[in-house]
Structure formats: C-alpha cells, structure tokens
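Below you'll find the structure, written out as structure tokens, and then a few comments.
The values are calculated or read from the model by the stated rules, or taken from the named source; none is laboratory data. Since the model is a prediction, treat every value here as computed from it, not as a measurement. Quick reminder, even Gly has a Cβ in these numbers, built from the backbone with ideal geometry, and neighbours come from all protein chains shown.
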Amino acid sequence: MKRISSILLLLFLVGCSKPLILKRITFNDTQADKTRNYINNYYFDIALKDSFVFKKEISIKGNLDINPFFFYDSYLFFGDLAGKFYIVDIESNTLIGDNQFNGSINVPPILSNYRLFIPLNNYDENYATLYFYDILNNKVLIETKIDGNIDFSIMKYKENIIVINNRGLVYRINLAGGLESKHKLISELRSEPILLNDIIYYIGFDRNLYSFSLIENKAKIELEINDLQKIFSFNKELILVKNNSYAIVKDDNISDPEFMPVPLNNIQSGVSDTNRLYFVDYSGNAICIDKVKGTVQWETKLSGFTNLPLVLTDDYLLVTNSIGEIYFINKEDGKEYTRIKVEERIKTAPQIYDNKIYFGVAKGLIKVYEKANNK
C-alpha cells in the first residue's frame with residue numbers, strides 16, 4: 001500500500017531515546033480522515049474472510065488506553081500511559097523510534113498537514129500540553145498549554161485542532177499552534193465527544209445530551225432525559241442508548257427520539273453499519289437488530305466479562321472479553337467463526353489496518369495478527 005516517495009527523511013524528536021527514521025510521506029488529509037474515529041463507532045469497511053495468524057508483538061514501556069492508535073500510510077503512531085510516544089513501521093512491524101515525555105498520553109495523536117499533534121497530560125500539576133511537530137523540518141514548532149487534562153480524543157476540524165479538556169472547555173487551535181478561540185460547555189463530558197455535521201455531541205455529567213456548534217460556537221442542551229448511557233454514530237445517524245434501549249436520531253428528529261428495547265441485561269457497547277445495530281452486555285451476550293424493522297436478527301452467548309468496545313467489519317463482529325479472547329462472530333447469523341486467544345488481559349479495542357489486527361495487552365505489548373492469506 002505504499003504511496004510514498006523513495007526519499008528518506010530523518011526525524012529527531014526532542015529527547016528521543018531512539019531516533020525516529022521515517023520515509024518521506026506524501027500527506028493527504030482525506031486519506032488520514034479515514035483512520036480517525038470521531039464518531040465512537042468501531043466499524044471498518046473491510047471484509048476479513050480468512051483466519052488470522054500471529055505476526056509479531058511490539059514491546060512498549062507502559063500500558064495503553066482503550067483507543068490509542070492512529071494509522072497513516074505505512075506507519076502506526078501512538079503514545080502510552082507512561083508518556084512515551086512511538087512510531088512503528090507496519091510493513092516490517094518494527095519499532096522505528098520513540099520519545100519519552102513527562103506525563104501520560106491518553107488519546108491518539110493527529111497527523112495533519114505534515115505536522116504531528118501529540119496530547120500529553122501532566123496529572124500532578126493538572127494541565128496538558130499539545131506538542132506540534134513539523135515532520136519535514138524535524139523540529140518542535142510550538143507547545144500549547146491546556147488547562148486541566150485531555151482525556152477525550154482530539155479532533156481535526158477544517159483548519160483547526162479541536163481539544164476538549166476535562167473541565168468542559170473547548171479549545172480551537174490552528175495548525176500553527178495558535179489559540180483561535182476557547183469556549184465553555186454547559187456541562188463537562190461523561191462520554192467521548194462525537195463530531196457530526198459540524199456539531200459536537202456528548203453525554204454530560206447529568207446524563208443528558210449536549211451539543212456544541214463549531215460554526216456558531218454555541219453550546220446547548222439537546223435532550224433532557226437524565227439517563228443516557230452511551231452514544232455513537234454512523235453516517236448522519238446518532239445512536240442513543242439508555243436503560244437497555246436505543247434510539248436512532250438525525251438533526252430533524254433529535255428532540256423527539258423513539259427508544260426501542262434491547263433484550264440485554266446491561267449494555268456495554270454498541271456498533272452500527274448501514275443495515276444493523278449490534279450490542280453486547282458486560283456478561284458477553286451479543287445481539288443483532290435490524291435498523292429498519294427494529295427486530296432481533298440473532299442473539300449469542302459468549303464466555304468472559306466484556307469491557308471493551310465492539311468492533312465490526314463487513315463480515316464479522318469482534319467481541320473482546322476479559323480472559324484474553326477476541327471472538328469473530330459471523331455478522332449474518334451470530335455464529336462463532338474463529339477466535340484469537342492470548343495469555344494476557346487485552347487493554348485496547350482491536351484496530352484493523354492493512355489486513356492486520358492490532359491490540360494492546362496488559363504486559364506493555366502490542367500484538368499483531370495478520371490474515372492468513374494476507375490479501
């Protein structure tokens with residue numbers, strides 16, 4: 001999948017414990033957007049089809065948060081909770097460089113316009129820093145301080161980076177690192193923010209639905225229902241989850257959602273594609289629902305406690321449990337096709353890129369599995 005030139009670029013980050021050597025990339029923001037998850041919906045538009053074999057494990061310093069990875073071209077970018085930042089060549093599955101920071105990297109970085117944006121939390125002093133690296137000239141452009149911590153994914157929006165801190169402040173920062181604006185939300189965040197149609201949606205501390213318009217710089221409450229548990233999105237749809245029921249809403253009906261029951265005990269995660277919704281509870285019970293008819297297509301019972309987001313492809317639903325297993329469930333009938341089993345507790349949602357599956361485990365390792373036919 002090479003889309004890069006043959007010129008080598010030597011990139012030194014300040015304080016590197018190992019030089020970061022990258023092949024010079026030709027950046028395309030549209031291509032980068034395909035690997036960013038701003039909708040909290042782990043759907044990958046790819047058919048896996050085949051079984052998977054262990055490829056390699058990558059040893060890192062610290063543990064990882066639930067969704068630490070960002071992919072672009074032939075590279076994997078991520079940071080760990082011990083403050084170390086890494087770049088991995090995914091064609092050779094080798095670590096090509098790392099950089100130690102004083103703090104914790106809780107959310108994935110963003111690569112845009114040949115600049116790498118790395119968020120870092122300093123919990124002891126309750127502030128965060130957004131580092132801006134120019135990857136063509138090999139230097140730090142600026143360090144932008146953020147009040148509080150960055151516990152939610154940063155977002156690329158037009159020519160800005162959007163950062164929401166744990167105190168409910170929205171920072172709009174331009175690609176040169178300058179602060180464009182700062183606004184106060186009505187409520188602090190209880191869920192990951194979702195960027196949909198120029199609007200950020202999120203669940204507030206009181207479990208109501210809130211929004212912030214990036215066009216009008218206006219915060220508002222969308223729904224006062226006091227018991228929202230989860231939200232995610234697919235295309236222009238926003239899926240709301242409360243008390244083991246769901247509603248699919250769009251801009252024209254967001255004020256009057258119709259909730260449908262889900263026959264599960266306590267919904268842990270949900271994921272959507274064009275035709276169906278999939279939910280799993282903490283006990284490993286998974287269910288598939290037709291989005292148009294609202295009918296249950298299948299139900300299945302899996303082993304182990306489930307505490308990570310569901311992952312969906314064009315042919316499988318991936319369910320991760322607490323005993324180191326990833327089930328591959330046929331999305332049409334709910335039957336198990338195969339599974340990956342490791343000895344360690346899985347810490348991250350599985351990520352799929354370039355016919356490989358990446359996930360972090362508790363011992364500071366990233367496991368890489370590859371399709372058996374690699375096609």
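For the stretch 123-133, how many residues are crowded, with 17+ Cβ neighbours inside 10 Å and either part of a loop (DSSP other than H, G, I, E, B) or free of Cβ contacts under 8 Å to residues at least 60 places away in the same chain (or both)?
Narrowing the stretch 123-133 to residues crowded, with 17+ Cβ neighbours inside 10 Å: 127-133.
Okay, now just the ones that are also either part of a loop (DSSP other than H, G, I, E, B) or free of Cβ contacts under 8 Å to residues at least 60 places away in the same chain (or both), so 127-132.
Number of matching residues: 6.
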Residues that are surrounded by 15 or more Cβ atoms within 10 Å (Cβ to Cβ), free of Cβ contacts under 8 Å to residues at least 60 places away in the same chain and part of a loop (DSSP other than H, G, I, E, B), drawn from the stretch 140-166: GLY148, ASN149, ILE150, ASP151, PHE152, ILE154, ASN165, ASN166
Tally, over the stretch 254-299, of residues that are surrounded by fewer than 20 Cβ atoms within 10 Å (Cβ to Cβ), of a type in the set (Phe, Trp, Tyr) and within 20 Å of ILE231 (Cβ to Cβ): 2
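Taking the residues in the stretch 300-321 that are under 19 Å from ASN41 (Cα atoms) and among the aliphatic types (A, V, I, L, M) as candidates, determine which candidate is surrounded by the most Cβ atoms within 10 Å (Cβ to Cβ). Break it down stepwise before answering.
Let us first name the residues in the stretch 300-321 that are under 19 Å from ASN41 (Cα atoms), namely 306-321.
Keeping just the survivors that are among the aliphatic types (A, V, I, L, M) gives 308, 310-312, 317-319.
On the way: LEU308: 23, LEU310: 25, VAL311: 25, LEU312: 25, LEU317: 24, LEU318: 26, VAL319: 28.
Selected residue: VAL319.
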Selection within the stretch 167-198 - without any contact (Cβ under 8 Å) to a residue 40 or more places away in the chain, of a type in the set (A, V, I, L, M) and in contact with an Asp or Glu (Cβ under 9 Å, 6 or more places away or on another chain): LEU169, LEU189
All positions within the stretch 297-321 that are modelled with pLDDT of 95 or more and of a type in the set (Ser, Thr, Tyr): THR300, THR313, TYR316, THR320
Some residue of the stretch 218-232 being more than 20 Å from SER153 (Cβ to Cβ) and of a type in the set (Lys, Arg): yes
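Answer yes or no: is there a residue in the stretch 330-346 that is among the polar types (S, T, N, Q) and either assigned to a strand (DSSP E or B) or farther than 26 Å from GLU91 by Cα (or both). Spell out the reasoning first.
Step one: of the stretch 330-346, the residues among the polar types (S, T, N, Q) are 330, 338.
Checking the rest, the ones that are also either assigned to a strand (DSSP E or B) or farther than 26 Å from GLU91 by Cα (or both) come to 330, 338.
Yes: the stretch 330-346 contains one or more residues that are among the polar types (S, T, N, Q) and either assigned to a strand (DSSP E or B) or farther than 26 Å from GLU91 by Cα (or both).
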